[in-house]
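Q: Shown below is the structure under consideration.
The values are calculated or read from the model by the stated rules, or taken from the named source; none is laboratory data. In this text the structure is predicted, and so the values were computed from the model without any measurement. Cβ placement follows ideal geometry from the backbone for every residue including glycine, while neighbour counts extend to all protein chains displayed.
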Amino acid sequence: MTNHRNAIIAGAVLLAVAIGAYAWRARGKDDGPAFRFEVAQMSRGPIQAKVTATGTVNPIVTVQVGTQVSGTIQKLGADFNSQVTPGQMVAQIDPRLFQAAVQQAKANLLAAQANVHKARAQLVLDKRTAVRNRDLRAQQLIAQATVDASDTAAEVDQALVEQAIAAEAQARAALDTATANLNYTTIRSPIAGTVITRNIDVGQTVAASFAAPTLFLIGQDLTKMQVDTSIAEADVGRLAPGLSSTFTVDAYPARVFHGVIRQVRSSPQVVQNVVTYNAVIDVDNPDLALKPGMTANLEVIYADRKDVTRVANAALRFRAPVVLARKAPVAAPGKKIVWVLRAGVPQPIEIATGVSDGTDTEVISGPLAAGDQVITEANPTHPVSGVGRVL
């Protein structure tokens with residue numbers, strides 16, 4: 001009786017194991033892998049494609065005013081923020097040594113001129129002597145050697161006259177140099193503008209022996225400014241002269257300034273193997289709110305679409321799991337594949353895209369419309385209500 005009972009229990013256990021194995025195999029065949037999808041809704045609206053960068057506000061024309069002579073600053077004619085005009089005295093170097101040099105050069109010139117007169121007078125005298133000696137030689141009253149000596153003396157005097165004339169020219173050039181150096185002691189503004197930087201004080205000695213020191217930095221017209229900005233190599237192809245831009249500065253965070261690209265320079269700037277290009281943006285500054293050296297945070301709009309179909313960039317970056325990817329076609333050149341969730345089933349759609357604002361991308365062509373649910377992420381999960389399944 002006991003043995004019969006044990007046999008019945010063992011048979012029941014075996015039957016339960018067999019039923020469980022069959023059910024597990026059936027579930028593996030029928031259910032397959034399942035995913036919980038995260039989606040984004042297609043929409044219509046504007047897209048503005050932008051390039052962002054930082055730059056520095058500068059005057060359009062900036063002149064460094066230096067000195068060509070060395071000396072001690074005697075007085076100043078301009079200070080920070082001073083408005084100056086062309087030719088206005090902005091600094092004066094002590095001129096006394098240079099005035100003395102001019103007087104010395106004038107004296108040297110007078111001496112050289114006197115030497116010219118002396119040489120010419122000697123030439124006239126020796127020429128007369130040579131003429132008399134020729135007449136006396138013709139009368140056999142003097143030797144030929146005396147005639148030759150007088151002729152040679154006249155020729156030497158002619159050379160001395162030319163030498164004296166050259167010395168006079170040198171003395172005149174030295175006077176011109178001394179006069180120019182004296183004039184350089186008065187430092188004048190070359191342009192009309194505003195003094196941005198002053199690097200000297202009264203009593204300071206400036207030396208121009210090796211390189212002209214910068215005494216003043218003058219901006220020509222601070223009502224017209226420019227922003228010099230570095231554009232990344234990947235973005236420089238999107239910019240062109242004439243494009244509008246907006247920027248803010250830290251001094252006025254709530255104020256938006258407007259400018260226009262004047263030039264995209266071809267000269268590359270390489271810093272730590274990173275290549276950038278300088279773009280120059282013109283901006284009006286009628287109230288002088290922008291100061292030289294301010295940091296500008298720029299946005300340049302290079303494409304503006306008013307009403308287009310938009311797809312989330314996350315949907316373009318979505319990479320389908322292997323079980324989905326096997327069903328996806330290969331995208332044609334220049335096109336992309338996105339996955340759309342329709343009736344709970346993911347479907348691959350081929351589209352052509354346009355500009356992007358970093359969040360959404362313009363859809364140029366493809367069977368997508370506003371309201372479609374595009375997949376941005378797929379996470380494996382057990383099948384539950386409302387979750388798409390791959391069968």
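Q: Scan 69, 57 and give me the residue that is closer than 30 Å to residue 294 by Cα and either of a type in the set (Val, Ile, Thr) or surrounded by fewer than 18 Cβ atoms within 10 Å (Cβ to Cβ) (or both). Give the steps one after another, and end with the answer.
A: On the way: 69 fails: closer than 30 Å to residue 294 by Cα.
Exactly one residue qualifies, and that residue is 57.
Q: Out of the range 264-281, which residues are closer than 19 Å to residue 226 by Cα and either surrounded by 15 or more Cβ atoms within 10 Å (Cβ to Cβ) or of a type in the set (A, V, I, L, M) (or both)?
A: Residues satisfying the conditions are 264, 276, 277, 278, 279, 280, 281.
Q: Do you know which residues across the range 328-347 are charged (D, E, K, R) and either within 13 Å of residue 318 (Cβ to Cβ) or touching a residue at least 40 places away in the same chain (Cβ under 8 Å) (or both)? Reasoning before the result, please.
A: Taking the range 328-347 and keeping what is charged (D, E, K, R), we get 335-336, 342.
Result: 336, single match.
Q: Right, next: Within the range 36-72, work out how many residues are within 25 Å of residue 310 (Cα to Cα) and over 36 Å from the mean Cα position of the chain (by Cα).
A: Selection size over the range 36-72: 9.
Q: Any residue in the range 207-230 that is within 21 Å of residue 76 (Cβ to Cβ) and free of Cβ contacts under 8 Å to residues at least 60 places away in the same chain sitting within a Cβ distance under 9 Å of a residue that is part of a loop (DSSP other than H, G, I, E, B) and hydrophobic (A, V, I, L, M, F, W, C)? List the pairs, counting only those 6 or more apart or interchain.
A: none
Q: Right, another one. Would you call residue 115 buried (at least 19 other Cβ atoms within 10 Å of the Cβ) and on the phi < 0 side of the Ramachandran plot?
A: Details: buried (at least 19 other Cβ atoms within 10 Å of the Cβ): no; on the phi < 0 side of the Ramachandran plot: yes.
So residue 115 fails the test.
Q: Between a residue in the range 365-378 that is part of a loop (DSSP other than H, G, I, E, B) and any residue that is among the small types (Gly, Ala, Ser), which pairs come within a Cβ distance under 7 Å, given they are 6 or more apart or on different chains?
A: 366/352; 370/43
Q: Could you say which residue among 100, 178, 192 is within 48 Å of the chain's Cα centre (by Cα) and under 30 Å from residue 225 (Cβ atoms)? Write out each step before concluding.
A: On the way: 100 fails: under 30 Å from residue 225 (Cβ atoms); 178 fails: under 30 Å from residue 225 (Cβ atoms).
After ruling out the rest, the residue left standing is 192.
Q: Using the structure shown, decide if residue 155 is assigned to a helix (DSSP H, G or I), free of Cβ contacts under 8 Å to residues at least 12 places away in the same chain and either farther than 30 Å from residue 59 by Cα or within 38 Å of the chain's Cα centre (by Cα) (or both). Step through it out loud before you land on a result.
A: On the way: assigned to a helix (DSSP H, G or I): yes; free of Cβ contacts under 8 Å to residues at least 12 places away in the same chain: yes; either farther than 30 Å from residue 59 by Cα or within 38 Å of the chain's Cα centre (by Cα) (or both): yes.
Yes, satisfied.
Q: Name the residue, out of 332, 320, that is buried (at least 18 other Cβ atoms within 10 Å of the Cβ), part of a loop (DSSP other than H, G, I, E, B) and outside the structural domain of residue 257 (by TED's automatic domain parsing).
A: That would be 320, the only listed residue that is buried (at least 18 other Cβ atoms within 10 Å of the Cβ), part of a loop (DSSP other than H, G, I, E, B) and outside the structural domain of residue 257 (by TED's automatic domain parsing).
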